[in-house]
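Visitor: Got a structure for you, questions after.
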Amino acid sequence: MIKLHEGGVYLINGTELIPEGEGLAAEARLGRKLDREEARKGTIAWSILSEHNRSGDMARLQIAFDAMASHDITFVGIIQTARASGMEKFPLPYVLTNCHNSLCAVGGTINEDDHVFGLSAAKKYGGIFVPPHIAVIHQYMREAMAGCGKMILGSDSHTRYGALGTMAVGEGGGELVKQLLKDTWDIAYPDVVNVYLTGAPQPGVGPQDIALAIIGAVYENGYVKNKVMEFTGPGIASMTTDYRNGVDVMTTETTCLSSIWKTDEDTRSFLALHGREGDYRQLDPGEVAYYDGCVEVDLSKIRPMIALPFHPSNTFTIEELKADPEEIFHAVEQNAREITSNPDIQFTLRDKIVDGRVQVQQGIIAGCAGGNFCNVADAAHILKNASCGSDVFNLSVYPSSQAVFVDLVKKGAITDLMTAGAVVKTAFCGPCFGAGDTPANNGLSIRHTTRNFPSREGSKPGDGQLSAVALMDARSIAATAANGGALTAATEMGEVFEGWETPSYDYDPTVYESRVYQGFDQARPEEDLIYGPNIKDWPEQEPLADNILLKVCARIMDPVTTTDELIPSGETSSYRSNPLGLAEFTLSRRDPEYVGRSKAVRAMEEARRAKAGETSEDLQEALAAVTAITPDVDPGAVEIGSVIYCVRPGDGSAREQAASCQRVLGGLANICEEYATKRYRSNVMNWGMMPFQMKGEPPFQTGDWIYVPDALKALDSAGQDIPAYVIPAGSGASEPKKISLYLSDMTETEKEIVRAGCLINFNRNRG
């Protein structure tokens, strides 16, 4: 089904894979010598990156993007940061969608206040504004902005338009600010992994099945981490572009950097349908292309998949789960106990096994992954003349845009869904991040959405609530709904697909023409920004000092710490425009004492700067140790801040607030074994925190101090040991323990940002 190559491969004429170790045979057939470095230039990724690179050095890329996109829980902070940094207008097309806090359901007026702010910013700076319920961010970008050979940057981790020939990247807000200031996205040239597709999906197998199979094969071993996934092979032609989009958007869950697909006439047809045939360009690998790895996928062997809690990589075929639900569910229950560490939570899945069948309580088809036309149309066909039943199981369907919704209505799909008992709702990302359709406590929800991290669906383990999400394809969700919630693979309903062909999508742009504000290149600087009471400026941050003293305010030893755990999604998203208000929720579902600890450290630093207030005994002992370690350092000049340790932080969302909330609470650093994603590490640096790493289990506990002398000099010592000292809390006369930290490569700009204390300071300093 899926094969991972151990080394690099050559792709010859787009059709023949040759492992690097068999290069001599390939040279004999080609009649010339293979040059690996030259063959790297044969990838589609190379061609697009080279066109957008401004550095003149392909080893060190400086990328200028063609367009950007943000939604209503990221664009306020980005615009506020860019404005504070001196931005006067948007220099490239910047789309502001309103698909996350669309319901305006929490916090009084503050959600709609953000929307009003966004429209006023689009007018003032020249942006594109998509009102609530019109489209989810990625569907709008597919339909109106993506094109072959382009690059798009988004402040959402699922910014992926590779199936349309666009290399798209999801990053934290700081990276979008850099583009608004006409700076570049700086990165070392990434490895490129070929995803070679053969065969064709069986009837009933959908894009989520293919995506989950790939995620299950590559996530745990980091096979594509921070690399570009380049899709080639004859199997591409077996899928429509709309279907490919559903596979592509889920590549984020592999932790890859970006994705790109070979394009063809179906790509051209999709763009032409959307009035943009001029954005079509055939993208193919060169005659010889070298890839740093290869994932071979036989689409014909993919079976309906399910990703059980609590990660998209926890994959099984539905057949495997139905054959042994007792043992598989037992393992998930054990995992839940480890994740929550809350004895009051009674989380069970084995009670969902009723008369030998797995019984589900809820189904959701939604967002950029599930709400595509082909997914909803196929689900409606399965449910035609069927019934979801009148028991506990319920099904909600969210088409990804009003344009998709209109065509589903015209083709009768909405009628088929609603008469079967499904509830059809407007374009909204809420089910993907915990702001809509939260299942009941101890419930099991099957969803064609993007993620199923702990509490991602909206439950609150800290309050004794925990429900579970399993990811599935829309077709198998519909098959399950047709059986009243009894878990069913779509392939079990083979007769439904006899003679069935998914209808083509007929796009009508009228919805967008009627409601979307098109202001690019039409900035009106005389317009005022309209602020609601919850929209606050970023608090001032101090530059990094020569020597720093860090209080360990959280030590999390989970294998992975997601951005949802660093700063929860769901109802907290309403406070994303209020830095200090949002910071109150930092780590609230993982370490509820973190905020209090960090605020206490921040108070110590504020007192030090003001030269006022009494110094606690704990701090006095730590500063005495500092003097003993570095007698020539004035302890009154040592900067005091907080630090968190996680083994592998940052899997998941691109949200910069996972880092900025730590910073506004006085954070000066993160320490980890490795960063789960580039985007989280970028967020740490853009908010002026040191991205430390260390090997082995940390020899410190929450409450201990870590002293890092010569912190500024350490920024220039990538890969080298950085001496630091653990000062145990309440140490008295005990000796500090020397440890070694290190920094991975940082660009010169990233170093300057950290020295300045944050990106805003850096931009102000350069005038």
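Visitor: Angle between the Cα long axis of helix 373-383 and the longest principal axis of the chain, 0 to 90 degrees, nearest 10?
Guide: 60 degrees
Visitor: Here's something else I'd like to know. Name the residues whose placed amide hydrogens come within less than 5 Å of the amide hydrogen of G293, ignoring near sequence neighbours (fewer than 5 apart) on the same chain.
Guide: So G293 has HN proximity to V9, N194.
Visitor: Something else about it: Specify the angular offset, from 0 to 90 degrees and rounded to the nearest 10, of the alpha carbon long axis of helix 207-218 from the longest principal axis of the alpha carbons in the chain.
Guide: 50 degrees
Visitor: With unit charges on the beta carbons (Lys and Arg positive, Asp and Glu negative) and the dipole taken about the Cα centre of the chain, which residue among G162, G363, S390 sits farthest to the positive side?
Guide: Working it through, the farthest residue towards the positive pole turns out to be G162.
Visitor: Check the straight Cα-Cα distances from K411 and name the lysines below 27 Å, setting aside those fewer than 8 residues away within the same chain.
Guide: K384, K425
Visitor: Just one of (i) 74, 73, 69; (ii) 82, 66, 59; (iii) 98, 60, 51 is Cα extents along the principal axes in Å as worked out from the coordinates here. Which one is it?
Guide: (ii)
Visitor: How many angstrom lie between the Cα centre of segment 309-365 and the Cα centre of segment 412-477?
Guide: Between the Cα centres of segment 309-365 and segment 412-477 lies a distance of 15 Å.
Visitor: ³J(HN,Hα) across segment 392-408 via Karplus (A = 6.51, B = -1.76, C = 1.60, θ = phi - 60°), whole Hz, x for Gly/Pro?
Guide: Ordered by residue, 3J(HN,Hα) equals 5, 4, 9, 10, 10, 10, 10, x, 6, 7, 5, 5, 5, 4, 4, 6, 5 Hz.
Visitor: In addition: Search the structure for amide H atoms under 5 Å from the amide H of R447, placed 1.01 Å from N in the peptide plane, and list their residues when 5 or more places away or on another chain.
Guide: Correct list: I364, A470, L471, M472.
Visitor: Something else now. Could you tell me which residue out of Y223, N98, A435 lies farthest along the dipole of the chain toward its positive end? Charges go on the beta carbon: Lys and Arg +1, Asp and Glu -1, centred on the Cα centre.
Guide: Farthest towards the positive end: N98.
Visitor: Another question, if that's okay. By how many degrees, between 0 and 90 and to the nearest 10, does the Cα long axis of helix 75-84 differ from the longest principal axis of the chain?
Guide: 40 degrees
Visitor: Sticking with this one: Cut-off under 24 Å on the C-alpha distance; same-chain residues fewer than 8 positions from K737 excluded. Which lysines are left, in chain and number order?
Guide: The reachable lysines, counting only those whose Cα sits under 24 Å from K737, are K551, K695, K713.
Visitor: Assign unit charges at the C-beta atoms only (+1 for Lys and Arg, -1 for Asp and Glu), then state the dipole size of the chain relative to its Cα centre in Debye, rounded to the nearest 20. Intermediate results must be reported in sequence, preceding the final value.
Guide: Details: 69 positive and 102 negative charges, 187 e Å.
I would put it at about 900 debye.
Visitor: Can you list the HN-Hα couplings for segment 600-611, worked out from phi with the Karplus curve (6.51, -1.76, 1.60; θ = phi - 60°), rounded to whole Hz and with x for Gly and Pro?
Guide: Result, rounded to whole Hz: 5, 5, 4, 4, 4, 5, 4, 5, 4, 5, 7, 6.
Visitor: Could you run the Karplus curve 6.51 cos²θ - 1.76 cosθ + 1.60 with θ = phi - 60° over segment 535-541 and give me ³J(HN,Hα) per residue in whole Hz, x for Gly and Pro?
Guide: Per-residue couplings from phi come out as 8, 10, 6, 5, x, 5, 10 Hz.
Visitor: What lysines could a cross-link reach from K3, if we take a straight Cα to Cα line under 28 Å and drop same-chain neighbours fewer than 8 places away?
Guide: Correct list for K3: K33, K41, K225, K227, K262, K301, K322, K678.
Visitor: Given the -39500 (n - 2.57) contribution per DSSP H run of 4+ residues, what per-residue ellipticity at 222 nm results for the chain, rounded to the nearest 500 deg cm²/dmol?
Guide: It lands at -8500 deg cm²/dmol.
Visitor: How big is the gap, in Å, between the Cα center of segment 647-678 and the Cα center of segment 191-226?
Guide: Between the Cα centres of segment 647-678 and segment 191-226 lies a distance of 28 Å.
Visitor: Quick one: which residues, 5 or more positions from K551 or on another chain, have an amide H under 5 Å from its amide H? H modelled 1.01 Å from N in the peptide plane, none for Pro or chain starts.
Guide: Hits under the 5 Å cutoff: G641, S642, V643, I706.
Read-outs: derived from the displayed coordinates by stated rules, not from any lab. Since we're looking at a predicted model, the values are computed, not measured. Counting neighbours? That spans all protein chains shown, and the Cβs are built from the backbone with ideal geometry, glycine included.
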